[in-house]
Amino acid sequence: QAQVVESGGGLVQPGGSLRLSCAASGSFLSINAMGWYRQAPGKQRDLVATFTSGGSTNYADSVKCRFSISRDNAKNTVYLQMNSLKPTDTAVYYCNVVVKRLGRAEDFAYWGQGTQVTVSS
């Protein structure tokens, strides 16, 4: 099992910045992938930025050059630095973690509870 906890959301004016954090803990052998998704009211949950199992990064076109994902492997933590925020970035941001568990061949995916980001003047 894994527990995923996000933090860092809030209200910010257009053009401002926020930094989200996501920490994974629990009983697992390794983390294969970590990343961020977001869901605006009435819309589906979409990818924002992720680290893949190979260690590369993947960004949604709408956030490229504005958002940056980073991680601290020692802390099982991933960060999302969001700059030049727009009202269209308003959503609940969810962290997703994919892990390997002892004795199991398949991957297991876990979601955090979400953190609200509101961009408004």
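The values are calculated or read from the model by the stated rules, or taken from the named source; none is laboratory data. Since we're looking at a predicted model, the values are computed, not measured. Heads up, the Cβs are rebuilt from the backbone with ideal geometry, glycines too, and the neighbour counts pull from every protein chain shown. With ligands, DNA and RNA removed, areas are computed over all heavy atoms of the protein, side chains included. Shrake-Rupley method; radii C 1.70, N 1.55, O 1.52, S 1.80 Å.
Rg/Rh, computed from the Cα trace of the chain with Rh as the Kirkwood radius, has the value 0.98. Computed packing ranks the peptides 94-101, 107-114, 4-11 as 94-101, 4-11, 107-114, most packed first, by mean other Cβ atoms within 10 Å. The mean sequence separation of alpha-carbon pairs under 8 Å and at least six residues apart, normalised by the residue count of the chain, gives a relative contact order of 37 percent.
Please state the charge dipole magnitude for the stretch 1-67, taken about the Cα centre, from unit charges on C-beta atoms (+1 on K and R, -1 on D and E), reported in debye and rounded to the nearest 20.
Working: 6 positive and 3 negative charges, 29 e Å.
The dipole magnitude comes to about 140 debye.
Among all the lysines, which ones have a C-alpha under 24 Å from K43's C-alpha, if same-chain residues fewer than 8 places away are not counted? Of all the lysines, those that pass the test against K43 - Cα under 24 Å, at least 8 places apart if same chain - are K64, K86.
Ignoring any ligand, DNA or RNA, what whole percent of the accessible area of the chain comes from carbon and sulfur when the probe is 1.4 angstrom?
48 percent
The residues of the chain expose on average 53 square angstrom of accessible surface per residue, using a 1.4 Å probe on protein heavy atoms.
Going through the stretch 2-87, which trypsin sites (Lys or Arg not before Pro) have at most 10 other Cβ atoms within 10 Å and a DSSP loop state? Those satisfying the criteria are K43, K64.
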